[in-house]
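Visitor: Quick one: this structure, given as structure tokens, is what I'll be asking you about.
The values are calculated or read from the model by the stated rules, or taken from the named source; none is laboratory data. These numbers come from a predicted model, not from an experiment. Cβ placement follows ideal geometry from the backbone for every residue including glycine, while neighbour counts extend to all protein chains displayed.
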């Protein structure tokens, strides 16, 4: 059986604590997986993200996840 996932970029241009409710939203929509965009690792609260993913599982969802890190680095790309 095919599995379907969605990238959180559909709703948000970056991922941080403000984006955590999107994980449950994806699970409630019935998706099998969620892709978490990581542009700035310093903005990602790993413990809170893990808790959000675990909470989605406790509500009878078996949401899988993956993440990606872009090559973009704000600290290295200045126009000066």
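Visitor: Regarding region 13-22, can at least one residue be identified that is touching a strand residue (DSSP E or B) at 6+ places or on another chain (Cβ under 8 Å), modelled with pLDDT under 90 and either part of a strand (DSSP E or B) or under 20 Å from residue 2 (Cα atoms) (or both)?
Guide: no
Visitor: Take the residues in region 63-80 that are assigned to a loop (DSSP other than H, G, I, E, B) and either in contact with a strand residue (DSSP E or B) (Cβ under 7 Å, 6 or more places away or on another chain) or surrounded by 10 or more Cβ atoms within 10 Å (Cβ to Cβ) (or both); name whichever of them is modelled with the lowest pLDDT.
Guide: Initially, region 63-80 is screened for residues assigned to a loop (DSSP other than H, G, I, E, B), giving 63, 70-80.
In the following step, the residues that additionally are either in contact with a strand residue (DSSP E or B) (Cβ under 7 Å, 6 or more places away or on another chain) or surrounded by 10 or more Cβ atoms within 10 Å (Cβ to Cβ) (or both) were identified as 63, 73.
Values: 63: 82, 73: 57.
Residue satisfying both the conditions and the ranking: 73.
Visitor: Could you count how many residues in region 9-21 are exposed (fewer than 15 other Cβ atoms within 10 Å of the Cβ) and either more than 13 Å from residue 67 (Cα to Cα) or in contact (Cβ under 8 Å) with a residue 60 or more places away in the chain (or both)?
Guide: 7
Visitor: Pairs needed: first member in region 22-46, surrounded by fewer than 16 Cβ atoms within 10 Å (Cβ to Cβ); second member anywhere, part of a helix (DSSP H, G or I); C-beta distance under 7 Å; at least 6 residues apart or different chains.
Guide: 45/17
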